[in-house]
Amino acid sequence: MTYLLALDQGTSSSRSIVFDEHGHIVAQAQQELPQIYPRPGWVEHDPMEIWRTQLATAQDALRQAGIAAQDVRALGITNQRETTVLWNRKTGQPVHHAIVWQDRRAEPACALLREQGHAALIQSKTGLLIDAYFSGTKLQWLLDEVPGARAAAEAGELAFGTVDSWLVWQLTAGRRHVTDVSNASRTMLFNVHRNQWDEELLALLRIPRALMPEVMPSSGDFGRTVPGLLGGAIAIGGVAGDQQSALFGQACFSAGMAKNTYGTGCFMLMHTGGSFQRSENGLLTTSAAQCGTTPEYAMEGSVFVGGAVVQWLRDGLRAISASSEVQSLAESVPDSGGVMMVPAFTGLGAPYWKPEARGTITGLTRGTTLAHIARAALESIAYQSAALLGAMSRDAVAAGGAPVSELRVDGGACVNDLLMQFQADLLGIPVVRPAVVETTALGAAYLAGLASGVYASSADLSQLWRAERRFVPTLERARADALMARWEHAVAQATLPA
C-alpha cells in the first residue's frame, strides 16, 4: 500500500493525517495551538510552537499508522492563510511572534492605502480588497515596529513567509524558502495574472524583494525533509492554503464547481478555470491550487460567524450544554416560528461587507421558545451561505458562465443533516457531502500524490471522490425566495445606524 502524509496547520490546532492511495484516512493526530492576545484586536502565535506541534503530530500519526518514512511516498502541507512569519535566515529563529490572519493591527496602514487611492490597482493585480486580513501590511508592520528588522531585511538577513513557508524551511533545515501560488495570492503582494511577486506592490508597501520566498505551483518539488525528523527523508510534494486545498480535495477542478466549508466561519470557493473574474458582488478573486504554471482562479467569499453561532448558543446563551445537542433541539419544532437571527457578532462579511452590523434576533412572539431560537441560529448559517452562493452565481452568469449547479460541503457543521437539508432547500440545488469530510488535508495529500506519481492526473482524483449523501431540495422555489427576502430584511435591520 502507498501512503501520503498531510500536515494540516490550522489556527487553533496542528494536525497530521496519513491517507492511503485511495484517499482513506489511516491515522491522524492533533495538538492544540495556544493563542496569544497581546492587545485588543491583536492575535499572535509562537512560530516555534507551530513547528513543535506540527512535527509532533506528524511523528504521532506515522507511529499510529505503524509505518516508516520509507512507506510514505510524499508529504503535503495545508495551512492557515495570511498568517505572517518573519525569521532570521542564519539562525532560523523568528524575530517576532507570527501575526495571525484574524489580527487587525494593520488597519491604519490599510486605511492610508485606501485614502491614497490604491484600491483599484491592488484589486486589479491581486484580486483582493485592501484589508488588514492579508499578509502584506502585517509584514510592513513587522519591518517598521520590530527594532532592527527593516535594516536586517534590506541586508538580506531575514526571510518572510506564510505558515507553509515556515514549515518547509524547518522541515528542510533552511534549504528551501518557498511557497505556492495559493498562499502567495493571499499576501496582497502577488500578481495573480503573472504568477509572480509584483515589484510595484512591493515598492508601495516598502517590502524588500530579498525577503520573499520562491513561488511554485501547488504540486511540485518543494524539497525533502531532513532524515532525523520523521525517521527518513520524505519528499514534500504539495502545498496549498487551507481553503484552496479543500476546493482541490473536493475534486472541484473545473469552472463552475463550488464548495463550502462549514467551520467556525464558512468559506465558499467557486472554481473559475483560467478566467480572472472581478466580482461585482462583494467577493474576492484568488488563485486556486495549481498543478502547473498556467494561472487558475477561484471566487471566494467568507461568512464570519458560521458554526460559531452554535458555540454562542452553548457558551453565551447556555441554551445547550454541548454543540451536538443543537440538531435535536432545533428539530423539536417544525420551523423557526418566524424568528430570524443575524449572527453579526463581528460585523457581516461577504457579500455584505458591513463591519458596523451587529447581531440581531427578530420575529419574537410570546410563543417563541429556545428551540425556535436554536433553529433560527442554525438556519442563519444556511442563509448567509445562500447569499454568498447567489452572489457567486450572479458573477458567473455576468462572465458568460452558468450558475452553480451543485454545492459540495465539508467542515465540522456539515455533519448536521437538518442544516444541510435547509441549505439545499434555500439554494434550490443539491448539496453533496463527501465520504471523506477532511477535504482540506486530503487536498494537500492529493497535490503531493500528483507530484510523486501516485496519481497520473486530476481525472484520477475525480474518480476517487465519493458522495456520502446528497441533499436534494424539497421546498417550493416561491417559498424559498420568500424566506430569502425575509433574511435580507433582517440583514437590513442588523445594519441600521445605531
Next item on the list: Quick one: compute the contact order of the chain, relative version, from alpha carbon pairs under 8 angstrom and 6+ residues apart, as a percent.
Entry: 15 percent
Next item on the list: Work out from phi, with θ = phi - 60° and the Karplus expression 6.51 cos²θ - 1.76 cosθ + 1.60, the ³J(HN,Hα) of each residue of segment 187-202, listed in order in whole Hz, and give x for Gly and Pro.
Entry: 8, 6, 10, 10, 7, 6, 7, 9, 6, 7, 4, 9, 4, 5, 6, 4
Notebook entry, point to check: Any idea what the alpha-carbon Rg over 2.2 N^0.38 Å comes to for segment 390-471?
Noted result: 1.29
Next item on the list: Tabulate in residue order the Karplus-calculated ³J(HN,Hα) for segment 323-330, using 6.51 cos²θ - 1.76 cosθ + 1.60 with θ = phi - 60°, rounded to whole Hz; enter x for Gly and Pro.
Entry: 4, 5, 7, 5, 5, 5, 5, 5
Note to self: How large is the direction-averaged shadow of the alpha-carbon convex hull of segment 262-318, in nm²?
What the structure shows: 4.8 nm²
Checklist line | Reciprocal mean inverse distance between Cα atoms of the chain - Kirkwood radius, Å | finding: 23.0 Å
Check: What percentage of the solvent-accessible surface of segment 160-303, computed with a 1.4 Å probe over protein heavy atoms, is contributed by carbon and sulfur atoms?
Finding: 50 percent
Check: Of all DSSP beta bridges in the chain, what percent run antiparallel (nearest 5)?
Finding: 70 percent
Check: Using the Cα atoms of segment 276-361 to build a convex hull, what is its mean projected area in square nanometres?
Finding: 8.5 nm²
Next item on the list: Compute the whole-percent fraction of alpha carbon pairs in segment 324-414 spaced more than 17 Å apart.
Entry: 60 percent
Notebook entry, point to check: Which net charge results when you count Lys and Arg as +1 and Asp and Glu as -1 among the other residues whose beta-carbon is under 12 Å from that of A151?
Noted result: -2
Next item on the list: DSSP loop (so not H, G, I, E, B), at most 16 other Cβ within 10 Å: list which trypsin sites (Lys or Arg not before Pro) in segment 286-382 pass both filters.
Entry: R318, R358, R366
Margin query: At 7 Å along Cα-to-Cβ for each site, give me the label-to-label distance between E488 and V472 in nm.
Written below: 2.9 nm
Margin query: Per residue of segment 236-244, what does 6.51 cos²θ - 1.76 cosθ + 1.60 with θ = phi - 60° give for ³J(HN,Hα)? Whole Hz please, x for Gly and Pro, Karplus curve as stated.
Written below: 9, x, x, 9, 7, x, 4, 6, 5
Note to self: Among L475, T439, A456, whose Cα projects farthest towards the positive end of the dipole of segment 439-481, with charges put on the beta-carbon of Lys, Arg (+1) and Asp, Glu (-1)?
What the structure shows: L475
Next item on the list: Would you work out what percent of the accessible area of segment 348-429, with all protein chains in place, is carbon or sulfur (probe 1.4 Å)?
Entry: 58 percent
Item checked: Long-range amide H partners of M216 with built H, under 5 Å -> T179, D180, V181
Notebook entry, point to check: Among 275-288, 253-266, 464-477, how do they line up from the highest to the lowest mean number of other beta-carbon atoms within 10 Å?
Noted result: 253-266, 275-288, 464-477
Note to self: Using a Cα-Cα cut-off of under 26 Å, which lysines could be cross-linked to K259, ignoring same-chain neighbours fewer than 8 residues away?
What the structure shows: K125, K354
Item checked: For the chain, calculated [θ]222 nm from helices alone, where every DSSP H run of n ≥ 4 adds -39500 (n - 2.57) -> -10500 deg cm²/dmol
Next item on the list: Using a 1.4 angstrom probe, figure out how much accessible area the chain has per residue, in square angstrom, rounded to the nearest whole.
Entry: 37 Å²
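The values are calculated or read from the model by the stated rules, or taken from the named source; none is laboratory data. As the structure is a computational prediction, the values presented were derived from the model and not from experiment. In this analysis, Cβ positions are derived from the backbone assuming ideal geometry, glycine residues included, and neighbour counts consider all displayed protein chains. Surface accessibility is based on the protein's heavy atoms, side chains included, excluding ligands, DNA and RNA. Shrake-Rupley method; radii C 1.70, N 1.55, O 1.52, S 1.80 Å.
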